[in-house]
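Read the structure below first, then the notes.
Throughout, read-outs are computed from the coordinates displayed, never taken from laboratory work. Just so we're clear, the structure is a prediction, and the values are computed from it rather than from any experiment. For neighbour counting, all protein chains shown are included, and Cβ atoms are generated from backbone atoms with ideal geometry for every residue, glycine included.
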Ligand code: MRU
């Protein structure tokens, strides 16, 4: 996507051909800075500390991280060490494991001296495919928005949670891709952006993206969505996903489930948009089986922001000494999901719906 007319991707091979550059998302929305990742450890830290975040992007970063690790040690033990290090960074998004498995699958058949170059090229292919998948998700999702617009005959109000835009992928995004495609096609769309405490990906990242691309939007507190739905202010919800089961249960940023409940109560369509790399074909019960990342309580007890003088400050917002919990994701059961927008089309949120789009997986489930 473009920022001030310059096309960007969230991750790109650096000019030296031996490292990658990423957008430092911890600096947004107040500063747009690139950061170079040259080693396995730098890639692992970038994923863990959320310099990069969003399921598809951490998958691609892990793939490049594996390649960077192999530059130092391309032995079988080196492959194992790099895969273990990267897989341990964040447990919920399946794209990370999927990307590592894909790069590692054939590595041992490659000459040791060629392994780093092979992995770097494979990471690049995963990145290119992610761009194509997300663009296709955008086209399929925009068709839903076009139909809704025709039915309503007025501007559409879409609610989204967290950031599932181009910053969370390599380009285009998942939940925001339909909005970008619809906006470019002239369909009037306005987005209600959940702030998404505790890390504020909505307020900081989704709002930054929509601002940069001229898409009308309003940031709301996480608790406002149900009220807006009751008053006819939301026509459709679209969210991304970090892992979706073969049975259509959608795991996404904490708070997504509550939005789906409110949408169901108000008969508002609720879609999840995701590429095939987000589907975990081995799982059938998202609530019971998906590991939910528990992050540092400081993300809840403290807030970082810009001061009026332009400086930055971190302040405490919770009563000192009170225990804090910080589960980072939740699971929306398939029964609350109207449809799953993928690069192959829109599936009903159940095994049959997903298998109709991915018939090659029939033997896997
Ligand atoms: O903790 P984050 O910021 O990595 O969580 C991101 C999300 O939950 C996104 O909605 C999800 O990864 C889908 S991204 C296209």
Relative contact order (percent, whole number), region 203-312, Cα cutoff 8 Å, 6+ residue spacing
25
Where the eigenvalues come from the Cα gyration tensor of region 2-129, what are the semi-axes √(5λ) of the equivalent ellipsoid, largest first, in whole Å?
24, 15, 12
DSSP beta bridges in the chain: the antiparallel percent, rounded to 5, is 55
Compute the long axis of helix 94-105 from its Cα atoms, compare it with the longest principal axis of the Cα atoms of the chain, and write down the angle in degrees, 0 to 90, nearest 10.
30
Where does region 221-365 land on Rg(C-alpha)/(2.2 N^0.38 Å)?
1.24
Pairs of alpha-carbon atoms within less than 8 angstrom and 6+ residues apart define the contacts here; what relative contact order does region 2-129 have, in percent?
22
Between the alpha-carbon centers of region 254-316 and region 100-124, tell me the distance in whole angstrom.
33
Report, in degrees rounded to the nearest 10, the 0 to 90 angle that the Cα long axis of helix 256-265 makes with the longest principal axis of the chain.
30
For the chain, using Cα atoms only, the Rg and Dmax in Å read 19.9, 63
Per DSSP H run of n ≥ 4, the term is -39500 (n - 2.57); total these for the chain, divide by its residue number, and report the mean residue ellipticity at 222 nm rounded to 500 deg cm²/dmol.
-11000 deg cm²/dmol
How big is the antiparallel share of DSSP beta bridges in region 174-275, given as a percent to the nearest 5?
20
For the modelled label position 7 Å from the Cα of residue 184 along Cα-to-Cβ, which residues of region 2-34 have backbone nitrogen atoms closer than 19 Å?
2-11
Using only Cα atoms, find the angle between the long axis of helix 115-152 and the longest principal axis of the chain, and express it within 0 to 90 degrees, rounded to the nearest 10.
10
Go ahead and run the numbers for FRET between residue 335 and residue 224, Cβ-Cβ distance against an R0 of 25 Å, rounding to 0.05.
0.55
Determine the relative contact order of the chain: mean sequence separation of Cα pairs under 8 Å and six or more apart, normalised by residue count, in whole percent.
15
